[in-house]
Amino acid sequence: MPKKRGADIVIDVLLEEGVDTVFGLPGGAIMEVYDALFDAPLKNILARHEQAASHMADGYARATGKVGVVLATSGPGATNLVTGIATAYMDSVPMVAITGQVPTHYIGTDAFQEADVVGITRPITKHNFLVTDIKDLALILRQAFYIARTGRPGPVLVDIPKDITQQVYDYKIPTEKDVEASLPGYKPHYEGNPSQIKKAAELIRKAKRPVLYVGGGAVLSGASEEIKELVELTRIPLTTTNMAKGIFDEEHPLALHMLGMHGTYYANMSVYYSDLLIAVGARFDDRVTGKIQEFAPEAKIIHIDIDPASISKNITVDVPIVGDVKLVLQKLIKELKKKPIEWVKAREQWIKQIEKWKEKHPLTYQKSDKIIKPQYVIEEIYRATKGEAIITAGVGQHQMWAAMFYKYKFPRQFLNSGGLGTMGYGFPAAVGAKLGKPDKKVIAIEGDGSFIMNVQDLITAVQYRIPVIIALINNSFLGMVRQWQQLFYDSRYSSVCLATQPDFVKLAESFGAVGLRATKPSEVSKVINEALKVNDRPVLIDFVVDREENVLPMVPAGKSYREMILSPKEKGEAETMYLVG
Amino acid sequence: MGEEIKVLKVREEKKTEVRKHIIIVRAQHNFGVLTRITSLFAGRGYNIESLSVGKTNEPNVARITIVVNGDERIIEQIIKQLRKLIETLRVRDITNQPHIERELALIKVHAGTDSERNEIMRLVDIFRARIVDVYTDTYTIEITGDTEKIGAFIDLIRPFGLKDIARTGIVAITRESATRKLSYKEQQTD
């Protein structure tokens with residue numbers, strides 16, 4: 001092997017790993033790597049803020065299933081990545097962050113742009129490395145990719161001091177075998193325990209009121225075919241978390257849609273009255289369970305998850321199965337087919353009950369022909385894109401409406417920050433998703449509060465002619481906080497009014513993007529169709545919507561599903577519908 | 001305005017108690033590995049009672065004995081997280097297994113008069129400790145044993161005037177007879 005600069009070794013490993021796009025922003029400590037990148041056969045996206053770069057890499061990874069790569073310099077460059085890395089960590093997104101560090105002999109001297117990045121990112125990465133010797137560089141980078149994409153995926157950070165990127169070393173690229181051998185303590189468990197799978201099958205056969213509760217792990221494992229087969233074989237109704245939207249066609253009669261805080265009435269009631277809950281790649285997040293003692297209180301629980309630490313973390317489960325969701329489901333289906341499946345007939349009564357719940361309280365809102373309802377915007381986007389677009393969302397009310405009113409039908413279709421709840425995520429993630437899936441329409445549903453947190457990177461999308469659409473649900477409020485203040489703080493609207501805001505159309509135009517606006521319901525579909533025609537630059541649509549619309553239904557934080565707020569009494573005043581006293 | 005639906009009995013969760021746990025970790029001896037391990041405890045507001053690190057029979061493998069007081073359920077969760085760390089090779093909670101635990105303490109005590117010296121030497125004898133350094137008015141004592149024994153010894157010599165104490169923290173190892181019997185069950189839970 002020829003002698004190479006550390007920086008060139010970095011590029012070699014990226015190419016070996018099949019990376020085609022990197023996101024980032026250069027600075028002093030990572031200049032050598034950017035020099036090597038200058039003529040490397042890689043698409044190199046220059047973001048305008050490292051946080052946006054990290055969300056782009058994240059959106060790219062979520063849309064494609066490949067590892068997203070982000071580069072940043074030392075100190076502030078790296079600290080700006082922190083939110084993006086934590087976002088990826090909470091949602092198990094495979095990502096490798098490569099940060100420059102001050103030269104080895106300056107570490108610990110409070111050098112210019114020095115920060116202990118390995119220390120800062122330790123609790124928000126699956127693993128991280130500080131390279132102290134060029135001999136280790138190639139292996140560490142290979143380990144980083146291996147760790148990021150295997151087992152329960154997650155972000156891995158590699159901190160490389162500048163002198164190491166400059167040194168020259170005669171190296172060999174480590175093979176996958178070398179990498180595995182170098183990580184004796186890392187052995188993800190993929191195969192489920194057969195006796196546990198047998199037990200699970202027995203419970204499924206006996207259950208009268210079963211519900212499938214599917215989370216992001218099913219998406220990561222690529223298990224949508226298996227999920228479909230299981231539902232059709234067993235006729236078990238299915239609810240998904242925010243992270244698993246699209247794993248199963250939401251127009252299917254057995255789809256209960258989302259559960260939890262902003263789950264549907266019928267999903268939550270089904271879970272509450274279930275006698276068997278099959279959790280698949282889900283982690284019983286507090287936004288899902290509400291009051292844990294009243295979460296599916298009569299149900300036996302089967303929990304399939306690749307991460308043993310997720311099992312019995314928030315709730316004690318009856319049949320834990322540690323393994324890859326796809327493999328476990330394949331075996332479970334095989335196991336179920338071993339015996340005749342006439343027990344499926346006993347499900348019909350349960351399904352009828354669920355249908356009644358669906359009829360009684362469908363997902364709905366009060367329509368208007370005077371003022372634009374945010375839910376209406378999402379429905380119109382759904383119609384205009386025929387349900388085929390990739391949707392990303394920021395965090396807040398618009399995120400929940402995007403989850404509720406767009407009907408998803410393929411996995412990796414709805415990208416949003418479910419775990420960390422990072423405002424400003426939606427738009428940069430859309431940029432990354434579009435680069436990963438150029439043939440798909442990509443629409444970022446953003447809030448006015450959320451979008452402005454990464455507004456600077458609109459210029460990145462313009463520079464690289466990335467035609468994403470930003471559907472701005474503009475209510476001039478930090479809407480979700482306002483909703484909580486209305487419901488739980490006696491309508492004392494503290495620091496939530498964003499009435500002072502830029503003219504978003506002019507803002508888009510000044511960046512070189514297309515700016516559109518709709519202020520009346522009749523204009524909504526027109527601007528969406530206009531935006532869909534643009535294919536050489538981003539489009540921002542400013543939807544001026546009903547300012548005080550609430551996201552409903554809602555289970556207040558820490559409450560039981562029984563205490564669901566279903567519908568507003570009249571404008572601005574929510575009726576708390578305590579189902580039981 | 002409400003709507004009557006059947007209220008179900010709430011889910012009962014196992015009650016757990018706070019107690020002492022001895023956790024043994026074998027890990028790759030890389031820099032930063034200790035921080036990764038200890039921060040899992042710190043992040044939950046748990047103070048590690050004692051921690052000792054040493055080399056093992058395998059190269060680049062460290063053995064870490066952690067003593068911590070904590071709620072059963074949370075400790076269980078921490079152990080799962082410890083196992084998840086890339087650099088850990090094996091993690092066990094040996095609290096409920098027959099095991100031997102030892103700690104070493106070096107104690108400086110005031111020993112001025114003859115009678116004080118005699119009394120201290122008698123105690124040293126009874127506890128099978130050793131005097132390892134002597135100065136005009138000071139004895140330095142080395143003692144090994146489990147935490148209770150060392151505690152009892154310190155209480156007894158405290159009245160003479162303690163000057164300094166250095167304790168290693170517990171190291172522990174399971175009894176071989178027990179590990180043989182338990183190995184099958186442990187495989188099931190690991």
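The values are calculated or read from the model by the stated rules, or taken from the named source; none is laboratory data. All values derive from a computational prediction rather than experimental measurement. A quick note on method: Cβ atoms are made from the backbone with ideal geometry, for glycine too, and the neighbour counts reach across all protein chains shown. These accessible areas exclude ligands, DNA and RNA; they are computed on the full protein's heavy atoms, side chains included. Shrake-Rupley method; radii C 1.70, N 1.55, O 1.52, S 1.80 Å.
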Qualifying residue in the range A:94-103 (condition: buried (at least 21 other Cβ atoms within 10 Å of the Cβ), farther than 22 Å from A:Ala7 by Cβ and in the same structural domain as A:Pro26 (by TED's automatic domain parsing)): yes
statement: Residues in the range A:185-202 that are over 15 Å from A:Lys331 (Cβ atoms) and open to solvent by less than 60 Å² (accessible area, probe 1.4 Å) total 3
field: Only one of A:Leu254, A:Leu230, A:Leu259, A:Leu276 that is touching a Phe, Trp or Tyr at 6+ places or on another chain (Cβ under 8 Å), outside the structural domain of A:Asp91 (by TED's automatic domain parsing) and of a type outside the set (Phe, Trp, Tyr)
entry: A:Leu259
field: Conditions (1) at pLDDT 95 or above; (2) on the phi < 0 side of the Ramachandran plot; number of the one not met by A:Gly512
entry: (2)
query: Tell me, which helices (runs of 4 or more DSSP H) wholly within the range A:389-485 include 1 or more residues that are hydroxyl-bearing (Ser, Thr, Tyr) and buried (at least 24 other Cβ atoms within 10 Å of the Cβ)?
result: A:448-451, A:458-463
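Yes/no matrix, rows are residues, columns are (1) open to solvent by less than 70 Å² (accessible area, probe 1.4 Å); (2) within 30 Å of A:Glu294 (Cβ to Cβ); (3) hydrophobic (A, V, I, L, M, F, W, C):
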residue	(1), (2), (3)
A:Val496	yes, no, yes
A:Lys506	no, no, no
A:Gly515	yes, no, no
A:Ile528	yes, no, yes
A:Tyr561	yes, yes, no
A:Leu566	yes, yes, yes
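I'd like to check something: does the range A:297-314 contain any residue that is hydroxyl-bearing (Ser, Thr, Tyr), out of contact with any strand residue (DSSP E or B) (no Cβ under 7 Å at 6 or more places or on another chain), outside any loop (DSSP other than H, G, I, E, B) and open to solvent by 10 Å² or more (accessible area, probe 1.4 Å)?
no
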So A:Ile164, is it in contact with a Phe, Trp or Tyr (Cβ under 8 Å, 6 or more places away or on another chain) and crowded, with 17+ Cβ neighbours inside 10 Å: no
- request: Go through (1) within 13 Å of chain B (Cβ to nearest Cβ); (2) in a helix (DSSP H, G or I); (3) closer than 20 Å to A:Val70 by Cα and name the single condition A:Asp159 misses.
  value: (2)
- prompt: Here are some residues: B:Asn96, B:Asn69. Which one is more than 14 Å from chain A (Cβ to nearest Cβ), part of a loop (DSSP other than H, G, I, E, B) and within 21 Å of the chain's Cα centre (by Cα)?
  reply: B:Asn96
task: Mind listing whichever residues of the range B:25-40 are of a type in the set (D, E, K, R) and at the interface with another protein chain (Cβ under 7 Å from one of its Cβ atoms)?
output: B:Arg36
query: Which one of A:Tyr213, A:Tyr272 is open to solvent by less than 20 Å² (accessible area, probe 1.4 Å) and farther than 27 Å from A:Pro340 by Cβ?
result: A:Tyr272
- prompt: If B:Asp137 satisfies every condition in (1) open to solvent by 50 Å² or more (accessible area, probe 1.4 Å); (2) among the acidic types (Asp, Glu); (3) touching a Leu at 6+ places or on another chain (Cβ under 9 Å) but one, which is the exception?
  reply: (3)
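Could you identify the single residue in B:Ile165, B:Ile157 that is outside any loop (DSSP other than H, G, I, E, B), open to solvent by less than 40 Å² (accessible area, probe 1.4 Å) and of a type in the set (A, V, I, L, M)?
Residue meeting the stated conditions: B:Ile157.
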- line: For the range A:283-309, pairs from a residue that is within 21 Å of A:Met261 (Cβ to Cβ) and within 11 Å of chain B (Cβ to nearest Cβ) to a residue that is open to solvent by 60 Å² or more (accessible area, probe 1.4 Å) and basic (Lys, Arg), with Cβ under 7 Å and 6 or more apart or across chains, are A:Lys291/A:Lys559; A:Pro297/B:Lys9
- prompt: Mind checking which residues of the range B:24-57 are touching a helix residue (DSSP H, G or I) at 6+ places or on another chain (Cβ under 9 Å), aliphatic (A, V, I, L, M) and either more than 29 Å from A:Asp159 (Cβ to Cβ) or not in a strand (DSSP E or B) (or both)?
  reply: B:Ile37, B:Leu40
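Checking the structure you have, find out if any residue of the range A:374-384 is in contact with a Lys or Arg (Cβ under 8 Å, 6 or more places away or on another chain) and modelled with pLDDT of 95 or more.
Within the range A:374-384 (the criterion being in contact with a Lys or Arg (Cβ under 8 Å, 6 or more places away or on another chain) and modelled with pLDDT of 95 or more), the answer is yes, since at least one residue qualifies.
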message: Give me the strands (runs of 3 or more DSSP E) completely within the range A:1-74, filtered to those with at least 2 residues that are of a type outside the set (Lys, Arg) and open to solvent by 10 Å² or more (accessible area, probe 1.4 Å), ordered by residue number.
response: A:43-46
